[in-house]
Amino acid sequence: MSVALVSCIGTSISALLCVYLLRKLIGFRINLDRVRDVAGLALLAALLGSTFTATWETVFRALLGQTTWEGITRTWLLWWVANAISTLVVAPVILAWSCPDSTFLQIKKNIIEASICAVLCC
């Protein structure tokens, strides 16, 4: 089994688990207009989701020989930090863009905004 496939499976399971818990435990709304939505995203998705994904990645990488068992803590920490940061930075942007706005945004404005964000991220 390839490392990419294992990574995709672990990330997908983690995302589905986090979505389920966010909806079930706090009644999560994607527009992040309540403090509990933001706190839930930070605590459940960033902490719990990152912990699950980092553990999944690290164990399978060790089983596949991609990392040593002696270096498993360092590998786990690297995966955890990367997943937590990406959840805290990327998820709110995706959620904000997927949220219907009260005023209809024109396609031209969306393209300009996305282009500016893409240039700034590079």
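Read-outs throughout are calculated quantities, based only on the coordinates presented, and are distinct from any laboratory measurement. Note that this is a predicted model, so its numbers are computed, not measured. Neighbour counts run over all protein chains shown; Cβ positions are idealised from the backbone, glycine included.
Between the helical axis of 3-26 and the longest alpha-carbon principal axis of the chain there is an angle of about 50 degrees.
Separation of the stretch 51-65 from the stretch 1-48 is 18 Å, based on Cα centroids. In this simple spin-label model, placing a label point 7 Å from the Cα along the Cα-to-Cβ direction at both Ala42 and Ile111 gives a separation of 3.8 nm.
Only Cα pairs within less than 10 Å get springs; with that Gaussian network setup on the chain, which residue of Ala62, Ala42, Ala54 has the largest fluctuation? Comparing Ala62, Ala42, Ala54 in the GNM, the peak value goes to Ala62. Computed from the C-beta positions of Trp97 and Leu5, the FRET efficiency with R₀ = 22 Å rounds to 0.20. Between the Cα long axis of helix 107-121 and the first principal axis of the chain there is an angle of about 40°, rounded to the nearest 10. Seen against the Cα atoms of the chain and their longest principal axis, helix 50-63 is set at about 30 degrees.
Whole-Hz Karplus values for the stretch 71-82 come out as x, 5, 5, 5, 4, 4, 5, 4, 5, 5, 4, 4 Hz, taken residue by residue from phi with 6.51 cos²θ - 1.76 cosθ + 1.60 and θ = phi - 60°; glycine and proline positions read x. Sites listed here are trypsin sites (Lys or Arg not before Pro) in the stretch 19-122 whose DSSP assignment is loop and whose Cβ has at most 15 other Cβ atoms within 10 Å: Arg29, Arg34.
A DSSP coil position with no more than 11 other Cβ atoms inside 10 Å describes the following chymotrypsin sites (Phe, Trp or Tyr not before Pro) in the stretch 1-69: Trp69. The sum of -39500 (n - 2.57) across all DSSP H runs of n ≥ 4, divided by the residue count of the chain, sets its helix-only mean residue ellipticity at 222 nm to -23500 deg cm²/dmol. Across Leu63, Leu48, Leu17, mean-square fluctuation computed from a Gaussian network of the chain (C-alpha pairs under 10 Å connected) peaks at Leu63.
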